[in-house]
Amino acid sequence: MSYKFYGSDTPKVKPINKEYLKVVDQYHMYDLMSNIWSKESCAPRMRIMWSENNKTLGQCSITSFLVQDIFGGEVYGVPLKDGGYHCFNKVNDVIFDLTSEQFGEEKLVYTLDYPQSREEHFSSEEKYKRYLLIKEKLMESLKK
């Protein structure tokens with residue numbers, strides 16, 4: 001299968017969390033998430049633009065922190081024009097962004113200048129609930 005997310009040409013990373021050992025690597029995680037991302041898990045301000053053709057829209061922070069739960073590493077942000085950050089992951093020396101496709105042809109500049117905090121992102125109850133939603137759906141998917 002051909003992957004289009006940023007970092008899709010990087011070495012595979014393996015889960016460190018025993019709860020998620022069925023997740024083989026970040027490519028398998030992308031496949032699993034492709035069946036989990038939904039309008040319901042999309043950031044509310046973006047839901048009107050969410051579609052099956054752009055499943056990664058509005059899913060970056062909740063996905064990045066779930067990736068961190070599974071593979072470890074750090075979450076970083078790319079500054080956006082609106083003042084927010086688009087989240088991505090660095091695990092060991094591997095940098096990847098499972099939700100980068102939402103930007104289409106726009107090329108983001110990935111640097112490690114903007115570490116992102118789980119506490120800051122999840123201070124929003126709404127965002128934390130969306131994170132719990134995709135986490136629950138992933139666990140259900142792994143039980144099949």
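The numbers here are math on the coordinates, done by the rules we state, and not lab data. Computed from a predicted model, the values in this text were never measured in an experiment. In this analysis, Cβ positions are derived from the backbone assuming ideal geometry, glycine residues included, and neighbour counts consider all displayed protein chains.
Note on the chain: GNM, Cα springs under 10 Å; of 124, 38, 61, the largest mean-square fluctuation is that of 124. Loop-located GluC sites (Glu not before Pro) across segment 1-85 with a Cβ neighbour count of 16 or fewer within 10 Å are 40, 52, with loop assigned by DSSP. Among the cysteines of the chain, 42 have no other cysteine beta carbon within less than 4.7 Å of their own. What's the whole-number percent of alpha carbon pairs in segment 40-114 lying beyond 17 angstrom? In whole percent, the long-distance tail amounts to 43.
For the residues 53, 89, 17, a GNM of the chain with alpha-carbon springs under 10 Å puts the largest fluctuation on 53.
Comparing 67, 94, 109 in a Gaussian network model of the chain where C-alpha atoms under 10 Å apart are linked, the largest mean-square fluctuation is found at 109. Largest first and in whole Å, the equivalent-ellipsoid semi-axes of the chain read 20, 18, 16, each the square root of five times a Cα gyration tensor eigenvalue. Taking other C-beta atoms within 10 Å as the exposure proxy, 95, 48 rank 48, 95 from fewest upward. Simple rule: put +1 on each Lys or Arg Cβ and -1 on each Asp or Glu Cβ in segment 47-144, find the dipole, and look at 75, 50, 87; the Cα lying farthest toward the positive end is 50.
Neighbour counting of Cβ atoms within 10 Å sorts the residues 25, 9, fewest neighbours leading, into 9, 25. A Cβ-based charge dipole, computed about the Cα centre of the chain with Lys and Arg at +1 and Asp and Glu at -1, lands at about 420 debye.
Computed extension length for residue 53-residue 139: 28.6 nm, one decimal, from 0.36 nm per residue of separation with the Cα-Cα distance subtracted.
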